[in-house]
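The values are calculated or read from the model by the stated rules, or taken from the named source; none is laboratory data. Everything quoted here is computed from the prediction, not taken from an experiment. Using ideal geometry, Cβ is built from the backbone for each residue, glycine included, and neighbour counts are taken over all protein chains shown. We work out accessible area using only protein heavy atoms, side chains counted, and drop any ligands, DNA or RNA first. Shrake-Rupley method; radii C 1.70, N 1.55, O 1.52, S 1.80 Å.
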Amino acid sequence: MSVAEALEAGEFNPFPPSNKRQMIQETLQRLIVIGRLGPGTPLVETQLAAEFGSSQAPVREALMKLQEAGLVVRNGYRGTVVATTSMDEAREMVAVRRRLETTGVRRAAARFDPEMRDRLAGLIADMEAAAGAGDLFALTELDRAFHMAIFERAELPSLEPILTRCFLHVHRAALASPARARPMLQSARWHWPIVEALDSGCPDRAAAALAEHINNVIEGMPPDEGDEA
């Protein structure tokens, strides 16, 4: 699917952008993560500018942001293409995510308060609404917001970009096999045990709940080549 076809089909990011660059970046990110723009798809600045009704500057800035996230590869005069996320890379990112998040949730447990609980409960409610609307991409974005909200309480800001990048590529790999996906409403409600564990004030219980949640992510990912379908 081309960018023009995706735009005509209404494939937009569900979160309102604050400017033209952000709108272009978030729309392209959505199309890449959900697989509408596959690996190797060329992204021509002049063509994108015309399709988005923009000058080339916001498009170039958006592509640079996507390059930082590892979603596109910019090859100078040879142009920009959608990057490939291999299953080996995705599984390694799950391992990185597990280590970072279990460390983070232990620290967050000591800082958990009613305000934080309300915020997480609100994000789960939003996930349930996205599930009801059948918007899988919105569900993944809200999932990332949920986990990042917890990690922010760990006060490890230098590690947040690493975790964000892991989420993007793990979600992209998981969405590559829709037949293996669990019901969306179930995915949304699977976040409650993490909230309940945090509510207990026990760092070990919170880390165990988070680790189990991440293990469920692995189960939903496509198999390695050679595995049985």
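Per residue, the range 66-223 exposes 47 Å² of solvent-accessible protein surface, assessed with a 1.4 angstrom probe and all protein chains in place. Net length available on complete extension from Arg119 to Trp192 is 25.0 nm, with 0.36 nm assigned per residue and the Cα-Cα distance removed.
The range 46-96 and the range 125-203 have Cα centres lying 23 Å from one another. Computed from the C-beta positions of Gln67 and Glu152 and an R0 of 22 Å, the FRET efficiency is 0.35 to the nearest 0.05.
Summary value for the range 66-156: 27 percent relative contact order, contacts being C-alpha pairs under 8 angstrom separated by 6+ residues. A cut-off of 5 Å between modelled amide H atoms, ignoring neighbours fewer than 5 places along the same chain, links Val72 with Gln67, Ala83. For the range 31-189, the alpha carbon convex hull comes to 139 Å³ per residue, rounded to a whole number.
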